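The values are calculated or read from the model by the stated rules, or taken from the named source; none is laboratory data. Not measured: the values here are computed from a predicted model. Don't worry about glycine lacking a Cβ; one is built from the backbone with ideal geometry, like all the others, and counts go over all protein chains shown. Ligands, DNA and RNA are excluded from the accessible area calculation, which covers all protein heavy atoms including side chains. Shrake-Rupley method; radii C 1.70, N 1.55, O 1.52, S 1.80 Å.
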Amino acid sequence: MKESLISLALGALLFLLSASTTAAGVIVLTEENFNEQVGQDRGALVEFYAPWCGHCQKLSPEYEKLAESFSKAKSVLIGKVDCDEHKSICSKFGVQGYPTIQWFPKGSLKPKKYEGERTAEALTEFVNTEGGTNVKITAAPSNVVMLNADNFDEIALDEAKHVLVEFYAPWCGHCKKLAPTYEKAATAFKLEEDVIIANIDADKYGDLSEKYGVSGFPTLKFFPKSNKAGEDYTGDRDLDAFVAFINEKCGTNRDANGQLTSKAGILSSLDPLVKEFVAASHDEKKTAFLKIEGEVEKLKGSASRYGKIHLKAAKNCMEKGADYPKKEIERLQRMLNKSISPAKADEFTLKKNILSTFA
């Protein structure tokens, strides 16, 4: 009996070691565990990806949402293979571009390529059809802040926040069409503490819609920190237009996926001082550093945070030598290529961008 229990425990341990799982439930497949997990007693949807691939990064949140939804479906595995690390697997199954998504039926290593849309909803429908399951997609919490008569002034008129507000009606077809795009815009800026993407049911709260001159739906009003009377948003209603508008008006630097761009963290007020620091001789570096420090002390808000990263970078350059920026940028890029949280990705991208000005 004792030997039997030990065997069971060892078996469970080996299984856990062979199938690493991400936080969202995606099984990480490798050359060591692929054949143990795929082509066995359950169907498998496998994403073949590369860490540096932009399309793969865009798919990632949708694929994780899919895996979450199928986390309790024992007859289906949702997995992924890093083709940079496991080239032999990807070559075996004819992978030529990223991401490639293939379905492996139960008991088979002959895959069917997925050719549909790269959304959690479309992938769920495909897996349900191929795997004979009936899983419903897990509804992700909305990043759009819901306003009402009680919280409108507190949120929209907060002078420490930039707030974009959609006045909508539940029965409005154009509002329904806008909803997924508006949600993506809210998701793209969810890590920006002073940016809020919100909406309000203008049918239910008619007094507020009347106060702000709303006569059609959807109407979008922007309430920047500097103008709480509200400004009409008259731009296009696609994701790229919303992202460009928020970046321009709020001083942010995000792309449509919510990732920081290469401009994030760069401060025009510090740029000439950084150039002076880089060009300075060893003996002059300290003086140049003090100039940067003096300018950083004047900064406020997010600019102050970026300034402190500049200071740390300058200090490390003095202590670790001229090669420090290049080596640290390479290290940060390796970290960014791994599966990390959005907050960590922001942190590493800011450091990488700022270090590039010292390189």
Review point. Are there any pairs, at least 6 apart or on different chains, whose C-beta atoms fall under 9 Å, with the first in segment 266-283 and at negative phi and open to solvent by 60 Å² or more (accessible area, probe 1.4 Å) and the second small (G, A, S) and not in a helix (DSSP H, G or I), and if so, which?
Key: V278/A322; V278/A359
Practice item. Tally the residues that are part of a loop (DSSP other than H, G, I, E, B) and either more than 16 Å from Y182 (Cα to Cα) or of a type in the set (A, V, I, L, M) (or both), restricting the search to segment 226-242. Key: 5
Check your understanding: Can you tell me which residues in segment 177-192 are touching a residue at least 24 places away in the same chain (Cβ under 8 Å) and either of a type in the set (K, R) or not in a helix (DSSP H, G or I) (or both)?
Key -> K184, F189, K190, L191, E192
Study note, to complete from the structure: Contact list, first residue from segment 96-122 and touching a residue at least 60 places away in the same chain (Cβ under 8 Å), second anywhere and of a type in the set (V, I, T), beta-carbon distance below 6 Å, six or more apart or interchain, is F104/V38; Y114/I101
Check your understanding: Counting only residues that are buried (at least 16 other Cβ atoms within 10 Å of the Cβ) and on the phi > 0 side of the Ramachandran plot, how many does segment 284-303 have?
Key -> 0
Practice item. Filter segment 19-44 down to the residues that are part of a loop (DSSP other than H, G, I, E, B), of a type in the set (A, V, I, L, M, F, W, C) and surrounded by 12 or more Cβ atoms within 10 Å (Cβ to Cβ), then identify the one that is modelled with the highest pLDDT. Key: V38
Practice item. Answer yes or no: is there a residue in segment 5-18 that is open to solvent by 60 Å² or more (accessible area, probe 1.4 Å), at pLDDT 95 or above and of a type in the set (S, T, Y). Key: no
Review point. Out of the residues in segment 231-242 that are touching a Gly at 6+ places or on another chain (Cβ under 9 Å) and either open to solvent by 30 Å² or more (accessible area, probe 1.4 Å) or not aromatic (F, W, Y) (or both), which is farthest from F152 (Cα to Cα)?
Key: A241
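Residues checked against (1) closer than 30 Å to D207 by Cβ; (2) among the aromatic types (F, W, Y); (3) touching a Leu at 6+ places or on another chain (Cβ under 6 Å):
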position: F70; (1), (2), (3): no, yes, no
position: V76; (1), (2), (3): no, no, no
position: G79; (1), (2), (3): no, no, yes
position: F93; (1), (2), (3): no, yes, no
position: T129; (1), (2), (3): no, no, no
position: A139; (1), (2), (3): no, no, no
position: H162; (1), (2), (3): yes, no, no
**Study point:** Condition check for E166: outside the structural domain of S302 (by the TED database), of a type outside the set (S, T, N, Q) and surrounded by fewer than 20 Cβ atoms within 10 Å (Cβ to Cβ)
**Key:** no
Practice item. Considering each residue of segment 55-77, count those that are free of Cβ contacts under 8 Å to residues at least 60 places away in the same chain and over 14 Å from T119 (Cα atoms), and give that number. Key: 6
Check your understanding: What are the residues in segment 330-351 that are within 16 Å of A303 (Cα to Cα) and touching a residue at least 12 places away in the same chain (Cβ under 8 Å), if any?
Key -> D346, T349, L350, K351
Practice item. Could you pull out the residue among T252, T234, T181 that is over 21 Å from the mean Cα position of the chain (by Cα) and of a type in the set (V, I, T)? Key: T234
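This table checks each residue for (1) hydroxyl-bearing (S, T, Y); (2) crowded, with 20+ Cβ neighbours inside 10 Å; (3) over 25 Å from G251 (Cα atoms).
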{"site": "K190", "(1), (2), (3)": "no, no, no"}
{"site": "A198", "(1), (2), (3)": "no, yes, no"}
{"site": "G213", "(1), (2), (3)": "no, no, yes"}
{"site": "P224", "(1), (2), (3)": "no, no, no"}
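Residues checked against (1) without any contact (Cβ under 8 Å) to a residue 40 or more places away in the chain; (2) in contact with a helix residue (DSSP H, G or I) (Cβ under 8 Å, 6 or more places away or on another chain); (3) polar (S, T, N, Q); (4) closer than 21 Å to F242 by Cα:
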position: G132; (1), (2), (3), (4): no, no, no, no
position: S142; (1), (2), (3), (4): no, yes, yes, yes
position: A149; (1), (2), (3), (4): no, yes, no, no
position: F152; (1), (2), (3), (4): no, yes, no, no
position: V163; (1), (2), (3), (4): no, yes, no, yes
position: F167; (1), (2), (3), (4): no, yes, no, yes
position: C175; (1), (2), (3), (4): no, no, no, yes
Practice item. Name, by its number, the condition in (1) modelled with pLDDT under 95; (2) touching a Phe, Trp or Tyr at 6+ places or on another chain (Cβ under 6 Å) that does not hold for N257. Key: (2)
Point to revise | Matching residues in segment 243-254 - criterion: being part of a loop (DSSP other than H, G, I, E, B) and surrounded by fewer than 16 Cβ atoms within 10 Å (Cβ to Cβ) | key: G251
